[in-house]
1. Going toward the positive end of the dipole of region B:3-191, with +1 on Lys and Arg Cβ and -1 on Asp and Glu Cβ, which of B:Gln60, B:Ser113, B:Gly152 do you reach last?
2. Using θ = phi - 60° and the Karplus relation 6.51 cos²θ - 1.76 cosθ + 1.60, list the HN-Hα couplings for region B:167-182 in order, rounded to whole Hz, with x at every Gly or Pro.
3. Run the reach check for A:Lys467 against lysines, Cα to Cα strictly under 20 Å, same-chain hits fewer than 8 apart removed. What comes back?
4. Enumerate the lysines that A:Lys133 could reach by cross-link, defined here as Cα to Cα under 19 Å, with residues fewer than 8 away along the same chain left out.
5. So what are the ³J(HN,Hα) numbers for region B:23-35, from phi and the Karplus equation (6.51, -1.76, 1.60; θ = phi - 60°), rounded to whole Hz, Gly and Pro as x?
6. Working only with C-alpha atoms, what are the Rg and Dmax values of region B:55-170, expressed in angstrom?
7. Taking the Cβ of each residue in A:Leu493, A:Leu379 as the centre, tally the other Cβ atoms inside 10 Å and list the residues starting with the fewest.
8. Calculate the spin-label point distance for A:Lys448 paired with B:Asp114, positioning each point 7 Å from the Cα along the beta-carbon direction, and give it in nanometres.
Amino acid sequence: MRSRDDDAAVDVDADVGADAAVDGADGRNARFLALTRAGKPAWDSRGVSSESVTLCAAVQALAANAEAQGGGELEGVDYAGRALGCASTSTMIYVASSAEGESVGVLRKKLKYVEDVMTSCVTNAALVGALGKNSRFDVRRAMAAATLADERLHELATRGLRRDTAYVFDTYRTVGMSHEVRRSATRAMGDALRLVTKPFAGVAFGIGDSRLVTYVKPRGHRPQTISARDVMVLMNYARATSRSAESKKEGEDEGDATHAESFGRVCLPEFNPDGFMHAYVSYIEAKSGDTEAREGDEEKNDAVASSSTSRERVGVCFLTASAEALEECRAARDALEKRLNADDTLTTIARAARRQLRVSDVPEDVLGRYQVEHDEPLLHFVYNRPARQQHVSSAFASSVSDDRSVETITRAYAMMYENMTELDGTVDATTKPPMEHSAQRVRYERRKRDSVLACVGGDFEIYLTFKPSATVTVAVAMCNRLCVWLRVSEPELFLENLV
Amino acid sequence: MSTKKRTLLKVIILGDSGVGKTSLMSQYVNNKFSKQYKATIGADFMTKEITVDDTVVTLQIWDTAGQERFQSLGVSFYRGADCVMCVYDVNSAKSFESLENWRNEFLVQASPSDPDKFPIVVVGNKIDVEEGKESKRVISEKKAKSWCTSKGGLMHFECSAKEDINVTAAFEAVARFAVESEDTEPDVFLPDVVQIDAGPKAQSGGCC
Ligand SMILES: Nc1nc2c(ncn2[C@@H]2O[C@H](COP(=O)(O)OP(=O)(O)OP(=O)(O)O)[C@@H](O)[C@H]2O)c(=O)[nH]1
Ligand SMILES: [Mg+2]
């Protein structure tokens, strides 16, 4: 920012360049920044510092420049291999920067989620109201007053946007289980929800990775479903809650008697960006003896199973419009736990929630020959069903299950997804009638450490990561077989559409 | 951090080209002064943290371009400013006459809620320049002060970025002024409303 030889845009770039150096030192993290349109920081994924204050001024200058040149909204800048994506609302500007070769489009998409979580913490009405009344308003004060705002944004930036495929495919993830078990869980949840005043929804989810077990709305409610984005907002809230509960526990040395629970405000921006609801988050626990179940379980290296969980648990969340419903939510939780413990449904669900679909779970007659004869080339896959708003993401093979590899593959998917959906866009944009639903587009990308095959069909998408040694023929053959099997297995993989 | 309040103030420095806006900022933030003139293009930003009473204040200082052809940013960046420093050169009558324009332009563009009370600090720079040399002082302190009074009592400082006279005092006054005029606003604005479309059934409190 100090050299002033060139124009303002170059000045700003110079700062981003300095930023890239910082990035190199502290890893591959993308950086996220939320600022008001006045150029004041509201949140910085690296913590608000004087450096971010300067950076925010620079971003506002860029935005002002774009505005002054009649260029409309500032979308992004490329600087020496580092992309800077920007997205603006009427009150805020969101910025993401990355040195990992992510496109401005991919970064801008991530920013939608930053915006979602931000809105979910303080609501759009607060931002518009406070900043509309007073453009000098310091949004950090609103953030400080919001429930878990820091935790939630931190969780989003450090894990969600980096490793969770939900944010890549815009659909939420589910726990696979038999249709009957899921149905029992759903019914029990529906009944429990009746104990709560002004209920909005009830959700059960896996504690480790926030995949959904079931989602229930009271009868007669509209809309019947929830948008995937709101599910992600909610799961983000639940994760932040359990994280802060856990850290509290450590400090207080709490006994087993008390359940970790929370009752706080959360806004679901897709449903209504201007108002809060109250979310009760807790977990239910299988009462049956767990030791033998554990031993019988072969999933020793399951990345999902948190080491501290020695019991079979499932997360639950009740959403209500009543601020006084805490006791009722507790009662609903207890009732649900009791009911699902009447037989071993809860144990079954909890075990399912701890377990991810593995490549080795795919029956032998589906992939067997290829996996065996070609040295297990398939490392990971994602099966996405946009119409259901859900996807399945397999466990990562152990050779790529470390955070860094997961991040790399997730990024590769994000770029592939962008390319494939861009293609989609051009198809739609042409005057041709919507392509026949049988149309499939396939793309195979060889990369240094792995290769990604993407296939977009009429109503599904599949993305697979292979060892670099896998030939195209093997990859395509496996993809085809997997697709057929996944389609048949859908009743177990996904939540039923409730409409 | 615990007891102290934290706040961020956006300060915009306005004034004709060459009056020493960049020099004032650089003297204040980095204790550096350069004789060489390099026109500011667009805007420059610096950040400085200071303490005003019991408030930790982060100043986000915007140094703007005085030359019209370099004012590529337009004026939308005035939005959200907490304080303005209007600078003139005590040796240049023209720069003093321009103050009126800078102030008006700012108030129109930023449209603060209470323009009459908006914190504006007027700074006469280059008081170190000796009479009789290349230039001489043309704006007396008295003249400047009376203009400030006529504008509703704007705060006034005479400074030298070169000799570091009164620079810190001027910026600290800016900060104090802004902090004082800050907290008339509502503290935290978080709606408590819950709007859930519970459907027709819930309205009637229907059974099940
Ligand atoms: N003697 C003296 N010279 C000064 C003082 N302040 C600035 N100057 C000189 O005045 C010239 C212009 O200073 P700048 O700070 O670049 O002026 P500016 O207002 O930023 O100008 P623009 O960027 O074009 O708007 C430079 O040559 C400075 O060295 C001062 O207090 N005393
Ligand atoms: Mg300058």
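1. In region B:3-191, that residue is B:Gln60.
2. Working through the residues one at a time gives 5, 4, 4, 5, 5, 5, 5, 4, 5, 4, 4, 5, 4, 5, 8, 6 Hz.
3. A:Lys448
4. Straight-line reach from A:Lys133, under 19 Å: A:Lys40, B:Lys10, B:Lys117.
5. Taking θ as phi minus 60°, the curve returns 5, 5, 5, 5, 5, 5, 7, 10, 6, 10, 9, 10, 6 Hz for region B:23-35.
6. In Å, with Rg to one decimal and Dmax whole: 14.8, 45.
7. Details: A:Leu493 20, A:Leu379 25.
The fewest-first ordering by Cβ neighbours comes to A:Leu493, A:Leu379.
8. It is 6.0 nm.
Quick note: the coordinates plus some simple rules give every number you see, no bench work behind them. On a predicted model such as this, the values are computed, not experimentally measured, just so you know. Every residue, glycine as well, gets a Cβ built from its backbone with ideal geometry; the counts of neighbours run over all protein chains shown.
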